[in-house]
1. Can you pull the percent of Cα pairs in the range A:407-450 with separation above 16 Å?
2. Compute the accessible area per residue over the range A:506-588, keeping the other protein chains in place, probe 1.4 Å, unit Å².
3. If you place +1 on the Cβ of every Lys and Arg, -1 on the Cβ of every Asp and Glu, and leave all else neutral, what size is the dipole of chain A about its Cα centre, to the nearest 20 Debye?
4. When ligands, DNA and RNA are left out and all protein chains stay put, how many square angstrom of accessible area per residue does the range A:22-153 have with a 1.4 Å probe?
5. Let me check against my output: what whole-number percent is the relative contact order of chain A, with C-alpha pairs under 8 Å and at least 6 apart?
6. Rounded to the nearest Å, what's the spacing between the alpha carbon centres of the range A:164-205 and the range A:119-162? Just the number, please.
7. How big, in percent, is the set of alpha carbon pairs in the range A:459-544 lying more than 17 Å apart?
8. For a quick protection proxy, order the peptides A:516-526, A:5-15 by their average other-Cβ count within 10 Å, most packed first.
Amino acid sequence: MNNYRSHYCSQLNSDNLGENITLSGWVDTIRDHGNLIFVDLRDNYGVTQCVIDGTHKLFREFSKISNESVLKVTGQVVSRSNETINKNLNTGEIEVKIDNYELLSKSDVLPLPVNSDIEYGEEIRLKYRFLDLRRNKLHSNILLRNKIISDIRKKMNERDFIEFQTPILTSSSPEGARDYLVPSRIHQGKFYALPQAPQQFKQLLMIAGFDKYYQIAPCFRDEDSRADRSPGEFYQLDFEMSFVSQEDVFNAIEPVLFEVFDENKKNKDIKVSPYPFKRIPYNEAMERYGTDKPDLRNPLIIDDYTDIFKGSNFKIFSSQIEKGSVVKGIIVKQSGEKPRSFFDKLNSWARDEGAAGLGYISFTEENFKGPIAKNLNDEELKSFKLDDKDSIFFICDKLKEAQLFSGKVREKICNELNLLNKNSFEFCWIVDFPMYEIDEKTNKIQFSHNPFSMPQGEMEALKNTDPLDIKAYQYDIVCNGVELSSGAIRNHKPEIMYRAFDIAGYSKEDLEEKFSGMLNALKFGAPPHGGSAPGIDRIVMLLADEPNIREVIAFPMNQQAMDLMMDAPASIDKERLEELGIKLIDKN
RNA sequence: GCGGGAGUAGUUCAGCUGGUUAGAACGCUGCCCUGUCACGGCAGAGGCCGCGGGUUCGAAUCCCGUCUCUCGCGCCA
């Protein structure tokens with residue numbers, strides 16, 4: 001291969017017996033037997049055991065080598081005796097008898113061990129990320145990430161999507177998350193913004209006639225982190241298509257996602273839901289799952305039982321219903337014989353969550369039990385249509401609160417009873433998102449998602465429908481309860497855009513000031529177009545089966561949006577600030 | 001900004017309702033060891049118990065404040 005190595009540390013086997021070879025890599029482990037030393041040499045590809053004994057002239061010097069030092073080893077490939085073959089290693093049938101070695105780089109005492117998979121605190125792992133990245137788990141996660149991204153590129157290219165790069169230094173957009181800002185030296189007092197997504201650029205590329213766009217796009221949002229949301233930056237498979245309706249977008253991306261998941265899943269037993277993926281209207285998702293990102297691996301379903309309780313003798317619910325509340329219920333199979341403590345525990349959990357409680361009825365051997373049952377008559381009880389050993393849990397509240405809390409109950413019971421089918425990826429589309437919503441603080445109408453989405457019914461709907469009833473051609477793709485992406489058919493008609501923004505309280509002048517580039521482009525012949533942007537990091541996270549997004553990013557920031565290794569953000573010299581015309585103020 | 005959890009050796013952790021000299025494992029140093037693969041054995045070094053204050057005869061332990069990490073809420077068109 002070259003002067004440093006003739007083989008990788010994964011390559012040698014009994015076919016190479018007798019060959020003189022050269023390996024380079026890190027010292028994974030040393031086993032010093034006094035007059036015999038074993039060293040496992042590790043590189044990106046694997047591990048090979050090397051051995052040296054006390055008769056060798058370099059033996060004493062060799063015995064001082066520390067873990068994670070970098071060695072070049074030359075020697076002969078020899079077979080291991082039957083008893084000493086290591087079946088856990090690809091190279092376990094052979095070892096390298098060291099003839100000569102060169103210490104290419106010495107390692108100090110390690111702040112965290114590389115050759116073990118035990119969990120370590122994140123602070124130390126982030127500070128010494130290069131060591132953490134040498135460790136098995138992270139190393140293979142990053143290799144998986146590469147595989148996924150290169151698969152995506154291949155599949156998008158095959159489907160005639162064209163890869164673009166769009167500006168990183170661009171302008172701030174008034175809607176959405178906080179922007180990261182970059183001061184301009186030439187235009188003092190003005191700022192670039194890092195793109196939250198290449199939204200406008202990809203639309204402009206459609207207007208420019210490129211037909212199908214994609215990009216593995218970096219997105220920057222100054223928002224607080226979550227386990228599945230890295231602060232600062234993340235990557236999307238951003239794509240957009242011309243002359244398409246919503247179904248065309250779905251048909252284009254479904255096979256890509258299916259294949260990427262099916263080809264990169266951890267083991268063969270995992271099932272990926274086949275396309276076409278389930279389409280669930282937003283309202284139905286809220287009714288049946290209590291969330292707009294349902295985990296379809298969870299078999300529990302929420303139903304409405306308001307009619308049964310309306311006017312019933314169970315006054316707690318019936319009086320609430322008169323005030324406008326609804327009753328949601330979740331039937332749980334095979335839970336009717338659970339001990340009283342099971343139901344009590346859930347009830348006290350519900351109280352901790354701020355609910356009044358969690359009422360239930362259980363049905364075993366033709367008997368209805370539980371605190372609610374005695375308040376209902378036979379007919380009412382039968383209308384729940386319970387099977388033997390079923391129980392049903394009830395949530396009574398105002399519609400939105402009841403939906404959201406039912407969603408939590410659905411998740412909680414699923415966890416308690418271990419109902420989740422862990423061996424599957426269940427995709428669905430959430431469609432028909434409302435175009436507008438009420439801001440609960442200001443009571444004003446605002447866009448509920450992307451303001452550039454096309455309202456269903458177009459101008460006609462904007463003119464003649466209650467804004468809160470208008471749906472948008474706006475959709476999310478959800479997998480296992482994780483929101484992978486948001487997308488839309490865009491509004492490509494300026495007159496509809498003026499009207500849509502007018503409803504949300506933006507004047508024509510506002511719109512022209514904020515989105516002049518975009519609006520201008522729409523006036524010179526814009527094709528109908530739409531797309532979406534699945535999150536790459538979240539896809540890798542699902543496929544690597546990691547609960548935390550930082551485990552699939554090579555150099556993530558911590559929760560406080562700091563890079564502990566590079567020490568970012570950092571203070572800037574006074575001279576540099578002056579050059580930019582920036583003066584710092586002391587907020588304290 | 002708010003709430004939960006955590007902070008003890010280089011690292012991961014234990015340390016009870018307050019009570020002698022704060023422990024273990026891994027790592028490190030020295031010695032012994034020719035078939036291990038998380039090698040083994042013996043000995044040793046290593047601690048502002050996050051920081052500040054308080055209660056107490058006595059605080060790693062209880063109380064208050066503060067900082068840091070993490071999970072969640074807010075936020076995320």
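1. Working: 612 of 946 pairs.
In whole percent, the share of Cα-Cα pairs in the range A:407-450 beyond 16 Å is 65.
2. Numbers: 5000 Å² over 83 residues.
I get 60 Å² per residue for this part.
3. Numbers: 76 positive and 93 negative charges, 122 e Å.
Around 580 debye, computed over chain A.
4. Values: 7130 Å² over 132 residues.
Value returned for the range A:22-153: 54 Å² of accessible area per residue.
5. Details: 1091 pairs, mean separation 80.1, N = 588.
Computed over chain A, the figure is 14 percent.
6. 27
7. Numbers: 2236 of 3655 pairs.
Value for the range A:459-544: 61 percent of Cα pairs lie more than 17 Å apart.
8. Working: A:516-526: 14.4, A:5-15: 17.5.
Those peptides, ordered most packed to least, come out A:5-15, A:516-526.
The values are calculated or read from the model by the stated rules, or taken from the named source; none is laboratory data. Keep in mind that this is a model prediction, so the values were computed, not measured. Ideal geometry is used to build each Cβ from the backbone, glycine not excepted, and the neighbour counts take in all protein chains shown. Areas reflect the complete protein model, heavy atoms only, side chains present, ligands, DNA and RNA absent. Shrake-Rupley method; radii C 1.70, N 1.55, O 1.52, S 1.80 Å.
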